[in-house]
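The values are calculated or read from the model by the stated rules, or taken from the named source; none is laboratory data. As the structure is a prediction and not an experimental result, all values here were calculated from the model. Positions of Cβ are generated from backbone atoms using ideal geometry, with glycine treated the same way; all protein chains shown enter the neighbour counts. To get the accessible areas, we keep the full protein, side chains included, count just its heavy atoms, and leave off ligands, DNA and RNA. Shrake-Rupley method; radii C 1.70, N 1.55, O 1.52, S 1.80 Å.
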Amino acid sequence: MSRLVGKSPALCTDLPLENSDILNKLHLLGQLLRSCFGPSGRLKHIHNNIGGQVVTTSTSSVLLPAIYSSTPFLNLILASIRNHVSRLGDCGLFAAILCVTLIEKVKQSGLRQNEAIRINKHLLGLCTTYLEDKECGCKVKLDFSSSHNLIKLVRNILCSKPATMLREYETLHISKLAVEAFLLTVPSNSNGVVTLGMTVIVPIEGLPVMESKVFPGLLVDVPVGFEDLEPRNQPCSPLRVVLFSTSLAGHLSEIGDGPIEVQYGTDMDSQILDQLLEIGKQVFKDNVKICVCQKVIHPVLQQFLRSHGVIVVERVGINLMQPLVQLTGAQPLATLHSTIPHKAYGQVGNVTLRQFGSKSMLHLYPAEESVICTTVLCHRNETILNELKVACQKTEHVLRLTLREPFALLGGGCTETHLAAYIRHQVRCDAAGSASVFGCLQTEYLLGVEAFCSSLESVAAALQHDSEDSLIDLTCAHHWTLPKDVTQEDMESCERKCGCGLIKMSQTKKWCHLNTKYPVFSPASLSPDVTVHADVLDSFTAKLNALQVAIETVNVVLDIRYTIQDVN
């Protein structure tokens, strides 16, 4: 008999932001996140202390779910950022770093929490209004008639995932493939509502990255007995396909719920097998050439179909069923009782074999224009291949967002420094009036503004991990990185560009180190003809939402009076 143990009372923490242990954990979380940020970010080796798989990553969608804290206060922050990443796919580390940094700076400023919340809301509104304005100086219009900016956008996502271990030419190759795959999922002719297709990623371990390719249609594992399949060289009628979402293994559990009445002495296995063979006979009679099953097909049924020239593909899994439906136009069959209606059949244009090293795959071509494609990703080992697969999934997500809002933001920290300079300039014009609206002193209002702007600049500075200084130019407010202790004469002779690659260093510019005092100025906006030449771009939709999520999470955290934790 097990012992009965009385429940422990819940743990209640009053004013968590006054708790030194929580603040230390918050600071440690901030250091962890900053160390992973950007193209030169450091990798994290994660292992659960009770066992499990070791994960090497710096990607937010992998890193954040792997971080668990016993402190509800920190779990609230992590849950908010994870939700953003699951919906938008990118800028998770940006949101997390900004959130943690702003909490710490508000705490250091000594502002009352209700005042900080009101000021943060106001400044977030200024940022959102400016970023959505047509005259925004850090926003780029994306032109879908050219793939250059789309490739830059994808390339920046891949470069920010150092665990992919891609060389420069490999990054460019994968970027082009990601854009090609995305464009294949967009229908060229569509009336009314546009329905995007899907990209299926097939990872191949052990081959060079440059062997990665994109194919229209689907690639599935080669069924037994068709390793020597040859493609049809001459065009002819499409091949008929049937899809089964139920198991064809002959298990009673697949027949359905409810009681089963059988006569004494009846062999149930034979009865079910006869039913399966009846399905096979109808498939052959209706001139079906490919039979695909989500689960398992009985060996006898497989042998029957193969002996009649039908290609049998089983165990494709639930993830491939939806792209198969879109590719073939077939209706998945979930029952064994009724005969197969002719409208349930689909078709493919052709079928052939593809060889990738020692791995063979069956290539199903679309019968007509299709928005389904397959990306074959190759890499040297499993760890970096998994990281590359996650990165490519994020690129597809971000490219889809650009269809809704065809803009990008300047990358490399330039958007953050530009926003900080813009906010400082805007609030200077009416600091006294704004302070009276919020019911605080002008000095308190300016403290809140400084915490907000310096947090944005800290995010830009977090991109640097190699002992270089982060600076801001006092003209366009872009982000620059230079070696430490560089002199003004050296700066004038340097042939460098800003973080986004839009502006070259010149003798006429003045610079100041980030998070130091500099004269308030209105950052210059560049003409649209110039902004399209930026080298590093971020997703507009993802970053704008990340900014909103970060500030709103900060305000929720600042408003917490108690945390109550069940420790049983």
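Taking a cut-off of 25 Å, what percent of all Cα-Cα pairs in the range 1-107 are separated by more than that?
Values: 1705 of 5671 pairs.
The calculated P(r) of the range 1-107 puts 30 percent of pairs beyond 25 Å.
Distance between Cα centroids, the range 272-344 to the range 161-206: provide it in whole Å.
Centre-to-centre distance over Cα atoms comes out at 30 Å.
Calculate the spin-label point distance for residue 108 paired with residue 405, positioning each point 7 Å from the Cα along the beta-carbon direction, and give it in nanometres.
Roughly 3.0 nm, to one decimal.
222 nm [θ] for the chain, helices only, -39500 (n - 2.57) per DSSP H run of 4+, per residue, to 500?
Numbers: 17 runs with 241 residues, N = 568.
Result for the chain, helices only: -13500 deg cm²/dmol.
Indicate, rounded to the nearest 5 percent, the antiparallel portion of the DSSP beta bridges found entirely in the chain. Present the calculation step by step, with values, prior to reporting the outcome.
Details: 40 of 58 bridges.
DSSP beta bridges in the chain are roughly 70 percent antiparallel.
Efficiency by 1/(1 + (r/R0)^6): what FRET value for residue 437 and residue 168, r their Cβ-Cβ distance, R0 = 56 Å, to the nearest 0.05? All intermediate terms of the calculation are to be shown ahead of the outcome.
Numbers: r = 51 Å, r/R0 = 0.91.
Given R0 = 56 Å and the Cβ-Cβ separation, E is 0.65.
Report which label in [x] 23.0, 71; [y] 27.2, 82; [z] 29.2, 100 holds the value of Rg and Dmax of the Cα atoms in Å derived from the coordinates of this structure.
Label [z] holds the value from this structure.
Helices from the chain with mean Kyte-Doolittle at least -0.5 and a Cα length along the axis of 20 Å or more, per DSSP H: which? Spell out each step's value before the answer.
Values: long enough: 20-35 (22 Å, 0.20); 72-88 (24 Å, 0.62); 92-109 (26 Å, 1.17); 113-132 (28 Å, -0.19); 168-184 (24 Å, 0.58); 268-285 (26 Å, -0.04); 382-404 (34 Å, -0.15); 414-429 (23 Å, -0.25); 442-461 (28 Å, 0.59); 540-558 (27 Å, 1.14).
Going by DSSP H runs, the hits are 20-35, 72-88, 92-109, 113-132, 168-184, 268-285, 382-404, 414-429, 442-461, 540-558.
Could you state how much accessible area residue 133 has, in square angstrom rounded to the nearest 10, with a 1.4 Å probe and all protein chains kept in place?
Residue 133 exposes around 70 Å² with every protein chain in place.
So how do 362, 446 rank on accessible area, 1.4 Å probe, biggest first, that is with the largest at the start? Mind showing how you got there, number by number?
Numbers: 362 0, 446 75 Å².
Descending accessible area places them as 446, 362.
Using a 1.4 Å probe on the protein heavy atoms, what percent of the accessible area of the chain belongs to carbon and sulfur? Numbers along the way, then the final one.
Values: 14320 of 27520 Å².
C and S atoms contribute 52 percent here.
Given a 1.4 Å probe, how much area per residue of the range 1-123 is accessible, in Å²? Write out the running numbers ahead of the final one.
On the way: 6240 Å² over 123 residues.
Value for the range 1-123: 51 Å² per residue.
Using 0.36 nm per residue, how much length does the chain from residue 281 to residue 524 gain when fully extended, once their Cα-Cα distance is taken away?
Details: separation 243, 0.36 × 243 = 87.48 nm, distance 7.42 nm.
Contour length minus Cα-Cα distance gives 80.1 nm.
Using r as the Cβ-Cβ distance of residue 322 and residue 128, and R0 as 35 Å, what FRET efficiency do you calculate, to the nearest 0.05?
Working: r = 35 Å, r/R0 = 1.01.
For residue 322 and residue 128, the calculated efficiency is 0.50.
Could you work out the relative contact order of the chain, using alpha carbon pairs under 8 angstrom and six or more residues apart, expressed as a whole percent? Working shown, then result.
On the way: 971 pairs, mean separation 145.1, N = 568.
Once divided by the residue count of the chain, the mean separation gives 26 percent.
So if I place +1 on the C-beta of Lys and Arg and -1 on the C-beta of Asp and Glu, and nothing else carries charge, what would the dipole magnitude of the chain be about its Cα centre? I want it in debye, nearest 20. Please report the intermediate quantities before stating the final value.
Working: 49 positive and 54 negative charges, 54 e Å.
Charge dipole, the chain, about its Cα centre: 260 debye, nearest 20.
Taking the simple approach of a point 7 Å from Cα along Cα-to-Cβ for both residue 79 and residue 18, what is their distance in nm?
Placing both labels 7 Å beyond Cα along the Cβ direction yields 2.5 nm.
Multiplying the sequence separation of residue 68 and residue 308 by 0.36 nm and subtracting their Cα-Cα distance, what value in nm do you get? Mind dumping the intermediate values first?
Numbers: separation 240, 0.36 × 240 = 86.40 nm, distance 5.53 nm.
Result: 80.9 nm gained on full extension.
Using per-residue counts of other Cβ atoms within 10 Å, averaged over each peptide, order 91-99, 352-360 from highest down.
Details: 91-99: 28.0, 352-360: 13.6.
With the highest mean Cβ count within 10 Å placed first, the list reads 91-99, 352-360.
To the nearest 10 square angstrom, how much accessible area does residue 169 have with a 1.4 angstrom probe?
120
Treating cross-link reach as a plain straight distance, find the lysines whose alpha-carbon is under 22 Å from the alpha-carbon of residue 285, omitting any fewer than eight places away in the same chain.
343
Using only the C-alpha atoms of the range 341-441, find the volume of their convex hull and express it per residue in Å³.
Values: hull volume 27.4 nm³, N = 101.
Cα convex hull per residue, to the nearest whole number: 271 Å³.
When only DSSP loop residues count, what trypsin sites (Lys or Arg not before Pro) in the range 68-143 have their Cβ near at most 15 other Cβ atoms within 10 Å? Working shown, then result.
Working: sites: 82, 87, 105, 107, 112, 118, 121, 134, 139, 141; in loops: 112, 134.
Passing both the DSSP loop test and the Cβ count: 112, 134.
Spin-label point model (7 Å from Cα, Cβ direction): what's the residue 355 to residue 221 distance in nm?
Spacing of the two 7 Å Cα→Cβ label points: 2.1 nm.
Taking Cα centroids, how far is the range 1-33 from the range 396-414 in Å?
Their Cα centres are 38 Å away from one another.
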